[in-house]
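Presented below is the structure to which this report refers.
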Amino acid sequence: MPNDELAKRRWLAIPSDFRKKLENNVFCSNCGETTIVDYEVDSVNHDIILKGYCKKCNGEVARVIN
Ligand SMILES: [Zn+2]
């Protein structure tokens, strides 16, 4: 199974209310704490990583889930 598919399954295995909390607790270098939108799920070094955009300024943000 490809790495990103595995990461996606692991991400979706997290309860949705907890996933929401993680989506709403992303750091943006422009805005500080923000919400990630339009993100892709990938994995790096066995951690799940969300790559997407800041809801406030549309800048690129990422969040590692470990
Ligand atoms: Zn921002």
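The numbers here are math on the coordinates, done by the rules we state, and not lab data. The model shown is predicted, which means the values in this text are computed figures rather than measured ones. Cβ coordinates were reconstructed from backbone atoms using ideal geometry, including for glycine residues, and neighbour counts include every protein chain displayed.
Computed quantities for the displayed model
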item	result
Span per principal axis, largest first, for the Cα atoms of the chain (Å)	35, 22, 18
Sequence-distant aspartates and glutamates (8 or more away, or on other chains) whose Cα lies within less than 16 Å of Lys20	Glu33, Asp38, Glu40
Inter-site label distance for Val37 and Lys21 at 7 Å from Cα along Cβ, in nm	2.4
Peptide ranges 48-61, 22-35 listed from the most packed, as the mean C-beta count within 10 angstrom indicates	48-61, 22-35
Mean separation of Cα contacts under 8 Å, 6 or more apart, over the residue count of the chain: relative contact order %	28
